[in-house]
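Input: a single structure, listed below in structure tokens.
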Amino acid sequence: MNQIEIGLNKLTNIVWSEATILVIFISGIFFSLYLRVPQFSLFKNAIQLLMSDKPKDRKSGEISQFQALCASMSSSVGIGNIAGVAVAISIAGPGSIFWMWVTGLLGMASQLVSVCLTMIYRSKLNSEFKGGPMYTISNGLSKRFSSFAYVYSFFVCLSSAGTGMFQANQMAKFAHLQLGIEPWICGLFITILAGVVVYGGIKRIGAFTEKFVPFMVIIYFTACIGIMLSHYDNLWSSLALIFNHAFTGSAAVGGFAGASVKLAIIQGVKRASYSNGASMGDLGLVHASAKSEPVAQSLISMLGPFIDTLIVCSMTALIILQTGVWTEASGMQGVELTTKAFSKVYGTFGPWILFIVIAFFAYSTIISYCHIGETGFGFIFGDKRSGAYRFAYLTSMFLGSTLVLNLVLNIMDLCYVMLIIPNFLACYLLCAKVKTLLDLSFYSRKTNKNQQAISGLHLFNPKR
């Protein structure tokens, strides 16, 4: 097992090189400028569209716009927001949070392009809409690019399982440390509960996440605010650490070994990319089921990276920095670091509060990523065989609960980076269509000719 872990770690370091970071950054900057900085110029429109989601306004699809956002948020807002942020700080220092923020902001534009194309090129199979970068490539590009669709589908199957394994791993580890429950028992319990929902399909997932995602985010947000207020005098110094260390690196202090600027950038981009999924395009597989139009759903999807990275991840980072546990907890990684911050303020109740949050976060992420991986599997082997993926996915949850953290992280990081190339390939080649839709919808006069053009771009006769 040690040799496998060492080999995966070396391979992950190779693929997550400076070139990969540049691709994510440059793509985010290009889409932001090309689309007139939609993160800011269309943010208000995104909020208005989300608030106006009414049953009578819904178009073709299985779930509402809000349910699609919640299902997408349940995929991205998971233990990665609690443990992943802590991992970044423990490895690369406070400066990694700045680069996480930058990646989240740029990712909003990347997410908009990917989801808009997903909605345009989605296909209706067996009365359900299926979409994602593989369908965008297959339906929107020439046949010479078809191999990229299958490459994406293969790695989205693996990355989804890796994400679920990470959630199960951290939840089982937390239950073992705080409650004395054996990891395999916790893993079995998670597997059974997840199976109850995932075998109900996207409609059951959407109905579940619509109720629980807002609830779990509010609980965590409130708990973090309490910690921040109790250490309010450290707020500005913590923010100063984030900005200063982003460009100077972090010196060794207390139990922290120190880190370079390069390491801070890599860890910040990796953890943000994993957390919000904007560069990978995998969350578009959930949005494809929405009863909505391309422009509306893509704008709503843009809120995902904002809430995930700029709000929830920031909460975790600030409580770890304000309480000072990042310099005190030598050898601690992941959820252990966040637990120590909660225990400092809430005492013996802290781990229990965090356990409730982790249980909601992990469970919702696990069930949503099963649908994402299943869609990729169905693209390759057909929807009728998707039941095999559900079984394999749930089995991996059980196995993931007993593996070491670094092995799970390396599997996940390796698979995720392999999604970037096919996703950005489709986004670059077809982004002109997204720009045309946005220009006609928000920056041009409302004429009958423009409305007909918008309708024409919304409609697609799938080849598959």
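Going by what's in this entry, would S292 be described as touching a residue at least 12 places away in the same chain (Cβ under 8 Å) and of a type in the set (S, T, Y)? Judged against the criteria, S292 is a match. Check whether at least one residue in region 397-405 is surrounded by 24 or more Cβ atoms within 10 Å (Cβ to Cβ), at pLDDT below 85 and over 18 Å from Y152 (Cβ atoms), and report yes or no. Checking region 397-405: at least one residue is surrounded by 24 or more Cβ atoms within 10 Å (Cβ to Cβ), at pLDDT below 85 and over 18 Å from Y152 (Cβ atoms).
Which helices (runs of 4 or more DSSP H) does region 258-318 wholly contain that include 3 or more residues that are surrounded by 24 or more Cβ atoms within 10 Å (Cβ to Cβ), of a type outside the set (S, T, Y) and modelled with pLDDT of 85 or more? If you could, list the steps in order and put the result at the bottom.
Values: elements: 261-276, 284-287, 294-301.
In region 258-318, 294-301 are the helices (runs of 4 or more DSSP H) which contain 3 or more residues that are surrounded by 24 or more Cβ atoms within 10 Å (Cβ to Cβ), of a type outside the set (S, T, Y) and modelled with pLDDT of 85 or more.
Being in contact with a Gly (Cβ under 9 Å, 6 or more places away or on another chain) and within 23 Å of G281 (Cα to Cα) narrows it down to one residue among S138, S146, S110; which is it? Give the derivation first.
Working: S138 fails: in contact with a Gly (Cβ under 9 Å, 6 or more places away or on another chain); S146 fails: in contact with a Gly (Cβ under 9 Å, 6 or more places away or on another chain).
Selected residue: S110, the only one of S138, S146, S110 that is in contact with a Gly (Cβ under 9 Å, 6 or more places away or on another chain) and within 23 Å of G281 (Cα to Cα).
Can you pull out the residues in region 222-236 that are part of a helix (DSSP H, G or I) and surrounded by 13 or more Cβ atoms within 10 Å (Cβ to Cβ)? Scanning region 222-236 gives A223, C224, I225, G226, I227, M228, S230, N234, L235.
Is it fair to say Q322 is within 26 Å of V113 (Cβ to Cβ) and surrounded by 23 or more Cβ atoms within 10 Å (Cβ to Cβ)?
Values: within 26 Å of V113 (Cβ to Cβ): no; surrounded by 23 or more Cβ atoms within 10 Å (Cβ to Cβ): yes.
For Q322, the condition - within 26 Å of V113 (Cβ to Cβ) and surrounded by 23 or more Cβ atoms within 10 Å (Cβ to Cβ) - is not met.
Taken over region 79-127, the criterion of being of a type in the set (S, T, N, Q) and assigned to a helix (DSSP H, G or I) is satisfied by N81, S90, S96, T103, S110, Q111, S114, T118.
With the condition kept exactly as written, say whether any residue in region 152-170 is modelled with pLDDT of 90 or more and surrounded by fewer than 24 Cβ atoms within 10 Å (Cβ to Cβ). I'd like the intermediate steps shown before the answer.
Step one: of region 152-170, the residues modelled with pLDDT of 90 or more are 152-157.
Then keep just the ones that are surrounded by fewer than 24 Cβ atoms within 10 Å (Cβ to Cβ); that gives 154-155.
Scanning region 152-170, I find at least one residue that is modelled with pLDDT of 90 or more and surrounded by fewer than 24 Cβ atoms within 10 Å (Cβ to Cβ), so the answer is yes.
Scanning region 370-396 for residues that are aromatic (F, W, Y), surrounded by 15 or more Cβ atoms within 10 Å (Cβ to Cβ) and under 12 Å from Y150 (Cα atoms) yields a total of 2.
When F129, F155, F148, F174 are screened for being aromatic (F, W, Y) and farther than 23 Å from M412 by Cβ, only F129 passes.
Residue under question is S343, and the condition is that it be without any contact (Cβ under 8 Å) to a residue 60 or more places away in the chain, in contact with a Pro (Cβ under 9 Å, 6 or more places away or on another chain) and part of a helix (DSSP H, G or I); does it hold?
Details: without any contact (Cβ under 8 Å) to a residue 60 or more places away in the chain: yes; in contact with a Pro (Cβ under 9 Å, 6 or more places away or on another chain): yes; part of a helix (DSSP H, G or I): yes.
Criteria met by S343.
The values are calculated or read from the model by the stated rules, or taken from the named source; none is laboratory data. All values reported here derive from a predicted model rather than from experimental measurement. All Cβ positions, even for glycine, are placed from backbone atoms using ideal geometry, and neighbour counts span all protein chains on display.
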